[in-house]
Amino acid sequence: MELLIASAIGVMTAAGIYLVLRLRTFPVILGISLLTYAVNVFLFTSGRVRVGAPPVLRENITTYTDPLPQALVLTAIVISFGMTAVIVMIGLGAFLGSDDDHVDDQPDQSEGQS
């Protein structure tokens, strides 16, 4: 189980980094979302993956899951949703302002030459 989760985290991280480096607005937004998903899964698995165990202590229970990573993941989901909304609005404003969705600020080489 750990190998599967670690592989999924690695694939999501690699795909997210690849998409962030694409220099277009939409792939960058998707890449940042994939990176936040990878971090959320990493935080969740840091509390040890246990199937069917309660997240709080009760009487006569010897195994339980740590509730702190679950709380951290819930907080990270809310923060990443807000961050994604802000990035989408910045990208949309940049596209509407320049009719181009390139992420870099450098002008095209063909514009300055006649």
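For ARG24, the residues 5 or more places off, or on other chains, whose built amide H falls under 5 Å of its own are VAL103. Only helical runs count toward this figure. For the chain, summing -39,500 (n - 2.57) over DSSP H runs of n ≥ 4 and dividing by all residues gives -22500 deg cm²/dmol at 222 nm. Once the 1.4 Å probe is applied to the protein heavy atoms, the range 1-56 comes out at 67 Å² accessible per residue.
Net charge dipole, the chain: roughly 740 debye, given to the nearest 20, about the Cα centre with Cβ charges of +1 for Lys and Arg and -1 for Asp and Glu. Of the solvent-accessible surface of the chain, computed with a 1.4 Å probe over protein heavy atoms with every protein chain present, carbon and sulfur atoms account for 67 percent. Oblate is the label for the range 1-103, because the ratio a/c of its alpha-carbon gyration tensor axes (a ≥ b ≥ c) is 1.5 or higher and a/b is not greater than b/c. For the range 3-34, the residues whose amide N sits under 18 Å from a probe point set 7 Å from the Cα of ARG48 along the beta carbon direction are 3, 5-6.
A full extension of the chain between ASP66 and LEU96 corresponds to an added length of 6.2 nm, given 0.36 nm per residue minus the alpha carbon distance.
The values are calculated or read from the model by the stated rules, or taken from the named source; none is laboratory data. Just so it is clear, the structure is predicted and the values come from calculations on it, not from any experiment. A quick note on method: Cβ atoms are made from the backbone with ideal geometry, for glycine too, and the neighbour counts reach across all protein chains shown. Heavy atoms of the whole protein, side chains included, go into the accessibility calculation; ligands, DNA and RNA do not. Shrake-Rupley method; radii C 1.70, N 1.55, O 1.52, S 1.80 Å.
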